[in-house]
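Values in this text are rule-based calculations from the coordinates and carry no lab data. The structure displayed is predicted, hence computed values, not measured ones. Because the Cβ atoms are built from the backbone with ideal geometry, glycine has one as well, and the counts that use them run over all protein chains shown.
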Protein chains: 2
Amino acid sequence: MRCRMLFQACATLLILLVTTGAGPADPLPSWSDGPAKQAIVAFVDRVTLPISRDFVAKPERIATFDNDGTLWTEQPLYNEMTFSVERVHELAPRHPEWRTEEPFSSILAGDLQAAVASDRNIIQDVFAATHSGMSVGAFASTVDTWLAKTRHPRFNRPYTELVYQPMLELLHYLRSRGFKTYIVSGGSTDFMRPWVERVYGIPPEQVIGSRLKLAFDLTGERPELQLQPALEFNDDGPSKPISIQQTIGRRPLAAFGNSDGDLQMLQWTTAGSGARFGLIVHHTDAEREWAYDRNSWIGHLAQALDEAPAHGWTVVDMKKDWRVIFPWQLRKGTSDGRQHQL
Amino acid sequence: MRCRMLFQACATLLILLVTTGAGPADPLPSWSDGPAKQAIVAFVDRVTLPISRDFVAKPERIATFDNDGTLWTEQPLYNEMTFSVERVHELAPRHPEWRTEEPFSSILAGDLQAAVASDRNIIQDVFAATHSGMSVGAFASTVDTWLAKTRHPRFNRPYTELVYQPMLELLHYLRSRGFKTYIVSGGSTDFMRPWVERVYGIPPEQVIGSRLKLAFDLTGERPELQLQPALEFNDDGPSKPISIQQTIGRRPLAAFGNSDGDLQMLQWTTAGSGARFGLIVHHTDAEREWAYDRNSWIGHLAQALDEAPAHGWTVVDMKKDWRVIFPWQLRKGTSDGRQHQL
């Protein structure tokens, strides 16, 4: 009798191990069964199945993701710019010179188009002015507070809910297959780190972004790292492969982006030997999100789209390839009322 | 009968699990049973035992190590400077201007003291001149080739064998207790990455060091990252906590150094809340390695040594605290003929 109980326990354990370890469940349920999803799954099998000729050892399985427009919405304005514009208004009383200095005077006048026209480096200049003058810890709290109280103008939800459900599934799927997932973004590291671990499961040491100068400050009771009003590194375009090399020191196996700012990251990644993977999220869905590419200042996409076929990069057609856009649409009908069965 | 066999199998498995998981073997056999070893073990228990009030979750267990003089010998000259001096001789035919330009003219004349006296930033200038003009991959091969053929002038062994056995044990011990071990060094990332994974078990993405400017180059058949003749970041002194914040984004729980170049990393680390640990390797053993501190240009140690008691930093007396210095001494008598029983 005792023996039979032991066998039953063993059998239960075996079933548990097998079903939790390698169940037949679809790891990408929010992706339509089209060529994009097929390309992803084929690539992952190719580099992770031990019988594959292109098998890659775990430590070399690096995947890099752009953030704005690739993992979360970047319209109608990069979310970090929305944060920065609000900070300009908040900080204006301490900066009387901004009343006449561009791009700040146009921002304060509420004319963002004029502000953009006034300053080729508006993002860098506005980040430098609004992310500095405090310690890294104090800035992280500022970001947390802002995210908790602010809602997206179109969707009326916190920005951290404006992340793409299919990309969350992709991040999880890659990690479940031994990949280390990194963010490589033009956004600032200090703006992303407070929330990306909670939202994407990406820890601070895997977040690479634009950087403000830091100063080590021993004047107070305890040493502090103070953010200085100068952008030291703008992690966009050719700076992306550079920051990948400097921080990771390995060429990624796979890179994911949505704009020409990701072009060189895609080029560098897919020029590596063996199996490599490049993917562009093409915003084609004005109904559920936005449709934009060549003529957009936000997330401008032209050259990378033109080069995609020659390089074999997968182009995601958001409208066709994604069954849902945002996580809350899994729990109820989508914004247009359709129900999704996943 | 079948039942008894099953029980025996279970018991064997249990014993295996218990003995491999938490055996009673000393994890630091090359450390004498003195206060330094006791402080290390007490700290590790304090932050990793779940019953401890100061328990820290695994992702926050970050330990940062200086390299030169902390993990490997830095005498009679920083090994990367020895490499660089040889490169100056090799590259001289292509640089006729070096015949009259300091510090190169003194280096070519074989007068290193004059070279050091001629240039306050000699390390940066010599790294910039000798680590550039090629791709990151080509430079890694240059380092590999040099390490394979070169022997240390005193010990007549490859530089990669001039690593400290007690520190190898410490790295391994910390990792076995859930720590992520990083190098944070004034040495250049590109000089360290080719060998530190093999020698220390530290992967490229956990190597933070000084950096040369990189350029993304699309002129050839494939994109390349080319090392430029300019030091972009000198990871010494106050730059160490800055590079830790920029790259890791978490304050370390423990930091290990040997010179005043590690002072701010120790200050930043041990100023954190909860249990923190700072350690200085004090070179006190002229017989087995070297004895130097306040009066040495290499590994200058004065302020950090003076501040150690007030901060509670552990100071390792190499002569007393380390039973062996180098790994090969485990396999035979030490350089002075003594045998070590570990």
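Where does the charge balance sit around B:A230 when Lys and Arg score +1, Asp and Glu -1, over other residues with C-beta under 12 Å from its C-beta?
Details: positive: B:R211, B:K213; negative: B:D125, B:E232.
My count for the surroundings of B:A230 gives 0.
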Checklist outcome for this item: Spelling it out for A:S188: with amide H atoms placed in the peptide plane at 1.01 Å from N, the residues 5 or more places away or on another chain with amide H under 5 Å from its amide H are A:S210
Checklist outcome for this item: Sorted by chain and then number, the residues having a modelled amide H within less than 5 Å of the amide H of B:S296, at least 5 places away or on another chain, are B:L301
Next on the checklist: Angle check, please: helix A:2-21 long axis (alpha carbons) against the longest principal axis of chain A (alpha carbons), in degrees 0 to 90, nearest 10.
Outcome noted: 40
Checklist entry - Whole-Hz Karplus ³J(HN,Hα) for segment A:315-327, in order, using 6.51 cos²θ - 1.76 cosθ + 1.60 and θ = phi - 60°, x for Gly and Pro? => result 10, 7, 8, 3, 5, 8, 8, 10, 6, 10, 9, 10, x
Item to check | Burial ranking of peptide ranges A:62-74, A:135-147 (average Cβ count within 10 Å, highest at the top) | outcome: A:62-74, A:135-147
Checklist entry - Could you give, in nm with one decimal, how far A:S52 is from each other copy of that position, shortest first, with labels 7 Å out from Cα toward Cβ? => result 4.0
Checklist entry - What's the angle, to the nearest 10 degrees (0 to 90), between helix A:165-176's Cα axis and the longest principal axis of chain A? => result 60
Next on the checklist: Using a 10 Å cut-off around each Cβ of peptide B:200-206, what is the average number of partner chain Cβ atoms that fall inside?
Outcome noted: 4
Checklist entry - Under a Cβ-Cβ cut-off of 11 Å, what is the net charge of the residues other than A:L266 that fall near it, where Lys and Arg count +1 and Asp and Glu count -1? => result -2
Next on the checklist: Viscosity 1.306 mPa s, temperature 10 °C: give me the Stokes-Einstein translational D for chain B in µm²/s, with Rh taken as the Kirkwood radius over C-alpha pairs.
Outcome noted: 73
Checklist entry - Can you list the aspartates and glutamates whose alpha carbon is less than 14 Å from that of A:K58, not counting same-chain residues fewer than 8 positions off? => result A:D45, B:E205
Checklist entry - To one decimal in nm, how far is B:P93 from the same spot in the other copies, if labels go 7 Å from Cα toward Cβ? Please give the shortest first. => result 7.1
Checklist entry - Just from the alpha-carbon atoms, what are the Rg and Dmax of the protein assembly as shown in angstroms? => result 27.7, 93
Checklist entry - Considering only segment B:139-264, what is the antiparallel percent among its DSSP beta bridges, to the nearest 5? => result 65
Checklist entry - Restricting to the protein assembly as shown, what percent of DSSP beta bridges are antiparallel, rounded to 5? => result 35
Checklist entry - What 222 nm value per residue comes from the helices of the protein assembly as shown, counting each DSSP H run with n ≥ 4 as -39,500 (n - 2.57) and dividing by all residues, nearest 500 deg cm²/dmol? => result -12000 deg cm²/dmol
Item to check | Cα shape, segment B:95-161, gyration tensor, a/c 1.5 rule | outcome: oblate
Checklist entry - So in segment B:219-342, what percent of DSSP beta bridges are antiparallel if you round to the nearest 5? => result 10
Checklist entry - Shortest first, in nm, what separates the label point of A:H172 from those of the same position in the other copies (7 Å along Cα→Cβ)? => result 3.9
Checklist entry - What pairs from A:K213/B:K240; A:K213/B:K180; A:K180/A:K320; B:K37/B:K240; A:K180/B:K180 go past 21 Å between their alpha carbons? => result A:K213/B:K180; A:K180/A:K320; B:K37/B:K240
Checklist entry - Under the Kirkwood approximation for Rh and a Cα-based Rg, what ratio Rg/Rh is obtained for segment A:82-123? => result 0.92
Checklist entry - Tally Lys and Arg at +1 and Asp and Glu at -1 over the other residues with C-beta under 11 Å from the C-beta of B:P59: what net charge comes out? => result +1
Checklist outcome for this item: Protection proxy (average C-beta count within 10 Å per residue), highest first, orders B:185-197, A:230-242 as B:185-197, A:230-242
